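Have a look at the structure below before the remarks.
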Amino acid sequence: MPLNILVLAKQVIDPEMPLSAFKVERENRRVSVPSTLPPVVNGFDENAVEAALRIKDGQEATVTVLSMGQGFALEVMKKPLSMGADTLVLLQDDAFLNTVDSFAIALALTTAIRKLGAFDLIIAGRQASDWDNAQVPLAVAEALGLPSVTTGKKVEVGDGLVTVERQTPEGAEVVEAPLPALVTVSNELGQPRYPTLRGIMAATRKQPVIWSAQDLGLDASDLRPRVETVDLYVPVTDAECELIQGEDEAESGRLLALKLREAKLI
Amino acid sequence: MDAVDSTGVLVLGELEDGALASTSKETLAAGRSLAGGLGQPLSLCIAGADTDAPAREAVAHGADRVYTVTNLLLAEYHPELHLEALAGVCHQTKPAIALMARTTAGRDLAPRLAARLGAGLAQDCLDMSIDPESGRMVARRPVYGGNAMAAVVCAGTPQMASIRPKAYEPLEPDPSRQGDVVPLEVALDPSMKRVRLVERIEEESEGVQLETAGIVVAGGRGLGSAAPFKELEETARLLGAGIGASRAAVDAGWVPASWQIGLTGKTISPNLYITVAISGASQHMAGCSGAKVIVAINKDAEANILKEARYGVVGDWQKVWPAFTETLRELLG
Ligand SMILES: Cc1cc2nc3c(=O)[nH]c(=O)nc-3n(C[C@H](O)[C@H](O)[C@H](O)COP(=O)(O)OP(=O)(O)OC[C@H]3O[C@@H](n4cnc5c(N)ncnc54)[C@H](O)[C@@H]3O)c2cc1C
Ligand SMILES: Nc1ncnc2c1ncn2[C@@H]1O[C@H](COP(=O)(O)O)[C@@H](O)[C@H]1O
């Protein structure tokens, strides 16, 4: 039996965009960027795809990518397919307008996961770079009654167990959990692979499975947010920077040291 | 959970080497102000094998009441057993607000607990207050890597928030404060453990600990390779400083991941933070907003870090740093 791996991936606005493009619409309590700036697959979710593909490199496995959103840039969301994932499932509906509420997202994902049937391992990103919640995967694990391990940098599967090396503030730890389980991964996992030409060709031919809220038996009242945004604004920084400038750069360095001494900081 | 009979603020406490964790003391300070706003009591719960001493510490740091779940199974932190214990305490005590620090354990426990209780959770909060009109908690938190701030309100009960470490200062402990200690029973058994710790790999760190360092020196992508970090380390030793890095330097493999400062790295709050060839992306700044004085050495006068720094040098670190270090050596000599 091939291993059945599910990857949770979110479409987000590009966190590397120039700040000048980032607009906070305070009255609508939302962020907008010009339509010329394409969204991306959340960075940690590309790490999640990579983690799944590394497992698939070593044993028979299928990788299904699952995403929930109001609308998708298909060419962006197909990137995991071109990296080597097998199937893309998009939960797309106008009712999914609140893609910042972890509860609503987790409910839609959980319902879809049940509908997809049996799987062995769910891999997600540690957090989505829009609201930095780090919450959806744990809510999914709780709803499905799965053991969970977060911030993995190495994920291995064998003998009905998943073994995860995870980053901690003190170093690392290795933990294991029986399958089925949920694991989130972080950038320490390493660079996601680049799509190959063959992968890109294969991805072009593949069509995503698209499910609406109705297909999942959910309506707007099920998806009512548990956390409501009452204000959204750009924080102000009031730092006043004193530039230290000498005759040349070496002297600037010297003056900086003297300045810190004078300010009793060292 | 029923909102009607829910009352009070509950801090979900953590232990560190048998004592109440400093982050739990910070969370008590946050809880104290919310409890004041509500005119309701502040409680803390601890789950562990030995809860007497930390219970006394919690009272001294502002708790009116301490709920203890004392069980040998809780001697070591275990995600599933501690989750079960905290959920049991919430079910029995029905808090209106439940708070936890966003520590390694908090990151795992708070979202699962919220899901289990059917509650809303505001993550990574810097500041919370009670809206006088609605009596609900309003939590402020950075989003989009810190490029925006959101104020959020949780529907339902308990209203939950996880708090970024160092966002609140612990209250001055008062050993004469009085509080009740209420032992609670939560059924736990070893079969609840599914996740198993196989091995802990501690990095040997001879240097100063980043989280508590008074001075921190950090380098970024502009250093170009691993070697310059040796120079930074030498200066750090001179200053008795901790050493850190941006994510770009970590991702390049120049330094260990435990050096990373920022949103997905460590949170630091030194008196002096010296950055070298770091651009100051919001996700980096998220980890050092508690620094009293930031110094930036960057060759780009437009770099964001110079907008957030108190002192800046625009220049090539390769020329600035040796002279800076040499002068320090003379001054501190
Ligand atoms: C979800 C998410 C989470 C993240 N979490 C973190 C985090 O926790 N911590 C973190 O740091 N980042 C984090 N990042 C990444 C962050 O957005 C930036 O990409 C990163 O901080 C950039 O690192 P840097 O400043 O070293 O590199 P760069 O942005 O490339 O800046 C290098 C700087 O060096 C300067 N420079 C170059 N050469 C020299 C020279 N010779 N002398 C002097 N100056 C020079 C340049 O002018 C430039 O300002 C995160 C990103 C995302 C999307
Ligand atoms: N709308 C979504 N669709 C699919 N996966 C998601 C979605 N939102 C969050 N996730 C997954 O959950 C992780 C953490 O997201 P968050 O809890 O929102 O920070 C992400 O890295 C994804 O793996």
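Could you list the residues of the stretch A:110-141 with an amide nitrogen less than 15 Å from a label point located 7 Å from the Cα of residue A:1 in the Cα-to-C-beta direction? Of the residues in the stretch A:110-141, A:117-122 have backbone N under 15 Å from the label point off residue A:1.
Across peptide A:174-183, the average count of Cβ atoms from other chains found within 10 Å of a residue's Cβ is 3.
For the stretch B:174-320, the mean projected area of the C-alpha convex hull, equal to one quarter of the hull surface, is 13.7 nm².
Between the amide H of residue B:274 and those of B:216, B:217, B:218, B:295, distances stay under 5 Å, these residues lying 5 or more places away or on another chain, with hydrogens modeled in the peptide plane. Given the stretch B:1-99 reduced to its alpha-carbon atoms as identical point scatterers, what log10 I(q)/I(0) does the Debye formula return at q = 0.15 Å⁻¹? Log-scaled intensity ratios, in q order: -0.53.
Using the eigenvalues of the Cα gyration tensor, what equivalent ellipsoid semi-axes result for the stretch A:3-211 when each is taken as the square root of five times the eigenvalue, whole Å, largest first?
26, 20, 18
I'd like the antiparallel share, as a percent to the nearest 5, of DSSP beta bridges with both residues in chain B. Here the share of antiparallel DSSP bridges comes out near 20 percent.
Per residue of peptide B:34-41, the mean number of Cβ atoms on other chains within 10 Å of the residue Cβ is 0. Under 5 Å between amide hydrogens, built in the peptide plane, is the criterion, and for residue B:15 it picks out B:21 among residues at least 5 positions away or on other chains.
For the protein assembly as shown, the normalised intensity computed at q = 0.06, 0.07, 0.08, 0.10 Å⁻¹ comes to -0.32, -0.44, -0.58, -0.91 (log10 of I(q)/I(0), Debye sum over alpha carbons, equal scatterers, no solvent).
Protection proxy ranking of A:152-163, A:209-220, B:9-20, A:133-144, by the mean of other Cβ atoms within 10 Å over each peptide's residues and highest first, is A:133-144, B:9-20, A:152-163, A:209-220. Counted as membrane-span-like here are DSSP H helices of chain B whose alpha-carbon atoms extend 18 Å or more along the helix's own axis and whose Kyte-Doolittle mean is -0.5 or above; these are B:22-38, B:79-93, B:104-117, B:317-332.
Below 10 angstrom from the Cβ of residue B:142, what's the summed charge of the other residues (Lys, Arg +1; Asp, Glu -1)? Summing Lys/Arg as +1 and Asp/Glu as -1 gives +1. Can you tell me which aspartates and glutamates have their Cα less than 17 Å from the Cα of residue A:56? Leave out same-chain residues fewer than eight positions away. Residue A:56 reaches A:45, A:46, A:86, A:120, A:156, A:159. Counts of other chain beta carbons within 10 angstrom of each beta carbon in peptide B:270-276 average 2. Once the mean of 1/r is taken over each pair of separate Cα atoms and inverted, the stretch B:9-192 shows a Kirkwood hydrodynamic radius of 16.2 Å. Solvent-free Debye calculation, one equal scatterer per alpha-carbon of chain B: log10 I(q)/I(0) at 0.10, 0.11 Å⁻¹ equals -0.66, -0.77. Normalised by the number of residues in chain B, the average gap of Cα pairs under 8 Å and 6 or more apart makes the relative contact order 14 percent.
Scaling against 2.2 N^0.38 Å puts the C-alpha radius of gyration of the stretch B:96-178 at 1.16.
Partners of residue B:230 within straight-line reach, counting lysines whose Cα lies under 22 Å from its Cα and excluding those fewer than 8 residues away in the same chain: B:266, B:299, B:319.
Remark on residue A:185: its backbone amide H falls under 5 Å from those of A:124, A:125, A:126, A:151, A:152, a criterion applied only to residues 5 or more positions apart or on other chains, H modelled at 1.01 Å from N.
Quick note: the coordinates plus some simple rules give every number you see, no bench work behind them. Every value quoted in this text rests on a predicted model; they were computed, and no experiment measured them. Here Cβ is always computed from backbone atoms with ideal geometry, including for glycine, and neighbour counts include all displayed protein chains.
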